[in-house]
Amino acid sequence: MNRELVKQLRAEYPAGTRVELVSMDDPYWHMEPGLKGTVKAVDDMATIHIAWDNGSSLGAVYGVDTICKL
């Protein structure tokens, strides 16, 4: 993964940032658009790890899933 991209995502989504799910492409877990959560961290693969308000901790994959800051 591009280090600059990871650095940019970490700056844009620091731990504690509230986000809302726009879309998620996961065949094993259905997450409803509009679900809100709190960013825990961004890893070296540019996955944004989120503590969702529904209790899930499924990460948002950069370039696949879409979230927006609240």
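The values are calculated or read from the model by the stated rules, or taken from the named source; none is laboratory data. Values in this document were obtained by computation on a predicted structure and should not be read as measured data. So basically every Cβ, Gly included, is an ideal-geometry build from the backbone, and we count neighbours across all protein chains shown.
Taking the conditions (1) surrounded by 14 or more Cβ atoms within 10 Å (Cβ to Cβ); (2) at pLDDT 95 or above; (3) under 13 Å from residue 67 (Cα atoms) in turn, residue 24 satisfies each one other than (2). Restricting region 48-70 to residues that are of a type in the set (S, T, N, Q) and touching a Leu at 6+ places or on another chain (Cβ under 9 Å) leaves a set whose member that is farthest from residue 26 (Cα to Cα) is 54.
The residues of region 1-22 that are polar (S, T, N, Q) and under 14 Å from residue 52 (Cβ atoms) amount to a single one, 17. When 63, 37, 16 are checked against the criterion of being at positive phi and modelled with pLDDT of 95 or more, a single residue qualifies: 16. Of all the residues in region 28-70, those that are of a type outside the set (D, E, K, R) and assigned to a strand (DSSP E or B) number 16. Taken over region 43-70, the criterion of being touching an Asp or Glu at 6+ places or on another chain (Cβ under 6 Å) and surrounded by 14 or more Cβ atoms within 10 Å (Cβ to Cβ) is satisfied by no residue.
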